[in-house]
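Take a look at the structure set out below.
Every read-out reported here was derived from the displayed coordinates using simple, explicitly stated rules and does not represent laboratory data. Just so it is clear, the structure is predicted and the values come from calculations on it, not from any experiment. All Cβ positions, even for glycine, are placed from backbone atoms using ideal geometry, and neighbour counts span all protein chains on display.
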Amino acid sequence: MATGGGHGAATGAIAPEDFEALRAFLDESCGIVLGPHKGYLVRSRLGPLLGELGYRGFGELVRDLRAGARRGLRERVIEAMTTNETSWFRDRYPYALLEHELLPAFGRARVPRIRIWSAACSTGQEPYSISITAHELAQREPGLLPPLEIVGTDISPAVLEVARRGVYDEHAVRRGLSPERLRRHFRRVAEGWEVLPHVRAPVRFRPLNLLESYALLGRFHVIFCRNVLIYFDPERRRGILERMVRLLEPGGALILGSSEALPAELQPRLRVLRAHGGVCYRLPP
């Protein structure tokens, strides 16, 4: 049943029933909540996918999503709607908190291993920025830090493949990397710039839908969950953060996006650390 037909693709329009079907699909499959006036976002994100996959309109895309008739289609739609531009050392202050407050505290506490989770890590800039921060601190203060393990997760297998390769073009490395850091932590390759082994070594990637179980992840000393909660409704945001807080080690820290805040229900359980121009939330030791 092709609602929307070829006319939608030709004009860039999306029929109301197709938009509602896509809203419902995204809500059910990955928790993304699209407002009723976000048709422009669907058109801009999924329009190129229509042409790439040979669809004449959004109605044909909706038909195949409902029927499960095309392998990998669900994943492609979710990827197109969730992938955002990212950058190295985004907002700066999370990495200053990590370098000057959190990592030294865990090092002085003699924990055997520091575990950090980068949730919704996209193409890997955040976990690799964390790794660079820790490496530079360890170089300045030998013996301070124990081994580090950084887990990057994302719902999209495609962006995780980019992250695992660790190769970035000129445009990507210009977004937040200083020339000195580019020289120290990357090498020139044919496709652009590749992260060096000392940056890659502590980082591993795995697929994860934030609405699903975190049971296999283990516990963490620091959790980065930045600029992804905006996709979810308040109830799902609370659920995600509640489960993340349960994964924190004593003294562990949760770092959110610069415009995101901890729900009131969780605030009594965590202490606010304000430093270096930003905020993080810490579990008592």
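Given S87, V42, Y231, which one lies farthest toward the positive end of the charge dipole of the chain, if we put +1 on the Cβ of every Lys and Arg and -1 on the Cβ of every Asp and Glu?
S87
Using Cα atoms only, what is the angle between the long axis of helix 125-140 and the major principal axis of the chain, expressed in degrees (0 to 90) to the nearest 10?
That works out to roughly 10 degrees.
If r is the Cβ-Cβ distance from R164 to A264 and R0 is 45 Å, what FRET efficiency results, to the nearest 0.05?
0.75
Give the residue list of trypsin sites (Lys or Arg not before Pro) in segment 7-86 that are DSSP loop and have at most 10 other beta-carbon atoms within 10 angstrom.
Sites meeting the loop and neighbour criteria: R71.
Throw me the Rg/Rh for the chain, computed over C-alpha atoms with Kirkwood Rh, two decimals.
Ratio of gyration radius to Kirkwood radius for the chain: 1.01.
Working from the alpha-carbon coordinates of segment 104-145, get Rg over Rh, Rh being the Kirkwood radius.
Using Cα coordinates only, the ratio equals 1.02.
Taking other Cβ within 10 Å of each residue's Cβ, how do T153, T123 sort, fewest first?
With the fewest neighbours first, T153, T123 line up as T153, T123.
Calculate log10 I(q)/I(0) of segment 162-285 for q = 0.09, 0.14, 0.21 Å⁻¹, where I(q) comes from the Debye formula with a single equal point scatterer on each Cα and nothing for solvent.
Debye curve over Cα of segment 162-285, log10 I(q)/I(0) at q = 0.09, 0.14, 0.21 Å⁻¹: -0.35, -0.79, -1.19.
Could you work out how far helix 73-82 tilts from the main Cα principal axis of the chain, as a 0 to 90 degree angle to the nearest 10?
Here the helix axis deviates by roughly 60 degrees.
What list do you get for S118, S29, S131, S258 if you sort them by fewest beta carbons within 10 Å?
S258, S29, S131, S118
Relative contact order of the chain, please, whole-number percent, based on alpha carbon pairs below 8 angstrom and at least 6 residues apart.
RCO, the chain: 17 percent.
As I understand it, the dipole of the chain uses +1 on the Cβ of Lys and Arg and -1 on the Cβ of Asp and Glu, about the Cα centre. Which of G277, I155, P104 lies farthest toward its positive end?
Towards the positive end, the residue furthest out is P104.
With only alpha-carbon pairs counted, each pair once and no self-pairs, how large is the Kirkwood hydrodynamic radius of segment 64-104 in angstroms?
Over segment 64-104, the inverse of the mean reciprocal pair distance is 13.5 Å.
Report the Cα centroid-to-centroid distance between segment 126-154 and segment 204-243 in angstrom, as an integer.
21 Å
Viscosity 1.002 mPa s, temperature 20 °C: Stokes-Einstein D of segment 5-82 from its Kirkwood Cα radius, in µm² per second?
175 µm²/s
Which value, in debye to the nearest 20, gives the size of the charge dipole of segment 141-266 about its Cα centre, when Lys and Arg are +1 and Asp and Glu are -1 at the Cβ?
Here the size comes out at about 360 debye.
Please arrange R110, R226, R174 by counting, for each residue, the other beta carbons lying within 10 Å of its beta carbon, fewest first.
Going from sparsest to densest Cβ surroundings: R110, R174, R226.
Helix 234-247 versus the longest principal axis of the chain: what angle, 0 to 90°, nearest 10, using Cα atoms?
Roughly 30 degrees, rounded to the nearest 10.
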